Amino acid sequence: MTVSNRTARLWVRGIEPAPQGSKRYVGGNRASGGRFIEASKKLEPFRQAIGQAVIEHMAKTGDTEPFTGPLEIEAIFVMPRPKTIKRFWPTVAPDLDKLCRALGDSISLERYCGGQPLIADDALVVTWLAQKVYGEPDEIGVYFTVRQAGIPWHMAENPIF
């Protein structure tokens, strides 16, 4: 098995990371045509900022082919620190898994990436290494790396367990 060393590193600054997955019901009852919508109003602008970063990355590198095959993504979501908070880690909402979901969809859906997604499908992601941290106002956003995944741990020459 060969593993590509192709890597994409992007830094999306200036926009607060937004979660995907929490829904709210609007429009009355089910009989009158109500529907579920994303609870976070910040999600759409966050997705658009990521998509714009993908477009700029592809223009800069000339690499317009989406990643295919098993992928790993490393992501650091930099959240704004509230003025009164002294703790090191943002152990409050939004949930890290919902931030990852927003990132995965943003880089795999054509509508955000100008018709050229960075990855062919977010189901290709087999490994996430993600964290959310507090940052200064000029650091707010997400830094992420996409690369082809290596072989699974149990197939390695010296497995962990």
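Taken together, the values in this text are just the output of simple stated rules run on the coordinates, not laboratory data. It should be emphasised that the depicted structure is a prediction, and the values quoted were computed from it without experimental measurement. A quick note on method: Cβ atoms are made from the backbone with ideal geometry, for glycine too, and the neighbour counts reach across all protein chains shown.
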What is the helix-to-structure angle for 43-61, meaning the angle in degrees between its Cα long axis and the longest Cα principal axis of the chain, kept from 0 to 90 and rounded to the nearest 10?
30
Give me the number: length gained by fully extending Thr145 to Leu96, i.e. 0.36 nm times residue separation minus the C-alpha to C-alpha distance, one decimal in nm.
16.0 nm
Hits in region 120-160: amide N under 19 Å from the 7 Å Cα→Cβ extension of Thr64, namely 120-121
Tell me which trypsin sites (Lys or Arg not before Pro) from region 68-161 have a DSSP coil assignment and no more than 16 other beta carbons within 10 Å of their own.
Lys83, Lys86, Arg87, Arg111
What is the angle, in °, between the Cα long axis of helix 96-108 and the longest principal axis of the Cα atoms in the chain? Nearest 10 is fine, range 0 to 90.
70
Cα shape, region 50-94, gyration tensor, a/c 1.5 rule
prolate
Report the FRET efficiency, 1/(1 + (r/R0)^6), for Trp128 and Lys86, where r is their Cβ-Cβ distance and R0 is 25 Å, rounded to 0.05.
0.30
